[in-house]
Amino acid sequence: MISDELRELIRPAILVQNIIWFVIVGSIIFYIAFVYLVLGGDKALAISSASVVDYLIYILAAACAIGSIFYYRHALSDNNLKSFLKKDVDIDLLAKNPRTKEIDQTKLAQLKSLSSDELKIYSLIFELQKITILTLILNELIVIFGSAISFIYDDVSRIVPFGIVSLGLSFWMFPRAQAVIKRVQNF
C-alpha cells in the first residue's frame, strides 16, 4: 500500500504518461485519416510489384515493432525492475524544477517525508515514463512507414496493416503505472 503523500506526488507523473499515450495514439489515427483523405479512400487497390523501397519500409517497420516489443518486455521485466530499485535515489534531482533547474523546496520537503521504498517508487514513475515514450515512438514510426508506402503507391489501403500493428501495440502498451507499482511492492 502506498502512502497518501506518494500518491499525491505520482499523480501528475502518471497523468503525463497517460496524456502522452493518448497523444501518440491520436497521431497514429491522424496518419491513417490523413492518408485516407489525401489519397481518397474510394480509389481501387493498385497492384504493383514490390520494389527495394517496399522491402526496406517493411523491414524498418518490422524492426520498430520487434524493437518496441522486446524493449517493453525487457524494461518491465522483474529482473530489470529489481535492478532499477537497487539504485540509490538522488532526492535533490527529483526535487529540481525542470524549467528553472532549481530545487523546489516544497517538493523536497514532500520527498523527505517519504520512506526509502516510496522514494524508489516515485523515481520508478519517471523510468516508466521513459519506457512509455520510447515504445510509443517506435509504434508511431510503424504507421509513418505505412504512410510513406501509401503515398509512394498512391494507395490508401497500404497503410491499413501498418496502422493495425501500430495501434495494436500501442493499446497493448497502455501505461499501467499502478500495476507496476503493485508488482514492485511484492518484490
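Just so you know, all these numbers are worked out from the coordinates, no wet-lab data involved. Note that the structure is predicted; figures quoted are calculated from it, not measured. Note that each Cβ is placed from the backbone with ideal geometry, even for glycine, and that neighbours are counted across all protein chains shown.
Please report, to two decimal places, log10 I(q)/I(0) for the chain at q = 0.13, 0.19 Å⁻¹ as given by the Debye formula with identical point scatterers on the Cα atoms and no solvent. These q points yield log10 I(q)/I(0) values of -0.75, -1.18. What whole number of Å gives the distance from the Cα centroid of segment 102-137 to the Cα centroid of segment 72-101? Distance between centres, Cα-based: 7 Å. Neighbour counting of Cβ atoms within 10 Å sorts the residues Lys86, Lys130, Lys107, fewest neighbours leading, into Lys86, Lys130, Lys107.
Sequence-distant contacts, meaning Cα pairs under 8 Å at least 6 residues apart, place the relative contact order of segment 79-187 at 23 percent.
Computed on segment 13-136, with alpha-carbon pairs under 8 angstrom and 6+ residues apart, the relative contact order is 38 percent.
Please report, in debye to the nearest 20, how large the charge dipole of the chain is about its Cα centre when each Lys and Arg carries +1 at its beta carbon and each Asp and Glu carries -1 there. If you can, show how the numbers build up before the last one.
Working: 18 positive and 17 negative charges, 76 e Å.
So the dipole magnitude of the chain works out to roughly 360 debye.
Of the peptides 87-94, 27-34, the ranking by mean beta-carbon count within 10 Å, highest at the top, reads 27-34, 87-94.
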